[in-house]
Amino acid sequence: MSEELNEVVTDQVETTETPAVETPEVKTVTMTQAELDALIGKEKGRVKSKYADYNDLKTKLSTFEQAEKERQEAEMTELEKLQAQLAEKDTKEQTLAQQLADLEEAVQNEKIRNAFNQIATSNQIAHLDDAFVLADLSAVTVEDGKVVGMEDAIKALVDNKPFLITKKQPKPIGESTNGNTERADKTAEQLLNEAAAKAKASGRNEDRMAYAALKAELNK
């Protein structure tokens with residue numbers, strides 16, 4: 001009985017033993033120095049071939065960047081030229097506008113002065129330059145090319161500065177107003193025509209004033 005038990009136990013122990021693990025065989029590759037150098041040279045050649053066009057690409061990029069820079073500089077130069085031209089145009093326009101405004105103001109002032117001389121002369125105001133300075137012309141304007149408000153300004157001047165009025169001297173019998181006997185022999189129309197022609201030919205304010213004064217005197 002005990003022999004049979006020992007056989008059973010021995011069989012179970014043999015059955016449960018761990019099987020041996022097989023170790024994979026490691027193959028060792030042996031290379032000669034020549035073969036190793038050849039492999040390294042091949043790898044270097046592959047890398048070199050991969051970046052063979054690097055310098056060309058770098059050169060092309062540098063050329064492109066330089067061309068782009070020059071193009072931008074050229075465009076900036078053109079832009080600056082346009083800006084300078086626009087600035088010059090604006091300056092010219094402003095200058096012309098100012099000149100036009102000055103011319104319009106000069107024309108208006110000339111019209112006002114002529115109207116003043118004419119109306120002041122007809123009101124026997126002497127020393128027109130001084131009277132013009134003393135007159136209050138703030139309400140006098142030029143509308144549609146015509147002077148407005150000058151009569152009221154002259155009336156106020158006469159009322160406030162009566163010393164400006166020229167006193168009439170009695171006319172000697174047989175003489176003209178200015179003592180010129182030649183004038184007494186001429187008609188009013190002839191005298192006006194001569195005065196108008198003289199004023200037109202000379203263009204002087206004095207001759208124009210003389211014409212206006214004569215016209216005012218003859219129209220009385």
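Computed quantities for the displayed model
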| read-out | value |
| --- | --- |
| The range 82-158 - percent of accessible surface contributed by carbon and sulfur, probe 1.4 Å | 53 percent |
| Among Val142, Ala126, Ala97 - extreme Cα towards positive end, dipole of the range 69-149, charges at beta-carbon | Ala126 |
| Distance violations [Cα-Cα > 32 Å] among Lys155/Lys200; Lys69/Lys89; Lys92/Lys198 | Lys92/Lys198 |
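The values are calculated or read from the model by the stated rules, or taken from the named source; none is laboratory data. Predicted, not measured: the structure shown is a model, and the values here were computed from it. For neighbour counting, all protein chains shown are included, and Cβ atoms are generated from backbone atoms with ideal geometry for every residue, glycine included. Areas reflect the complete protein model, heavy atoms only, side chains present, ligands, DNA and RNA absent. Shrake-Rupley method; radii C 1.70, N 1.55, O 1.52, S 1.80 Å.
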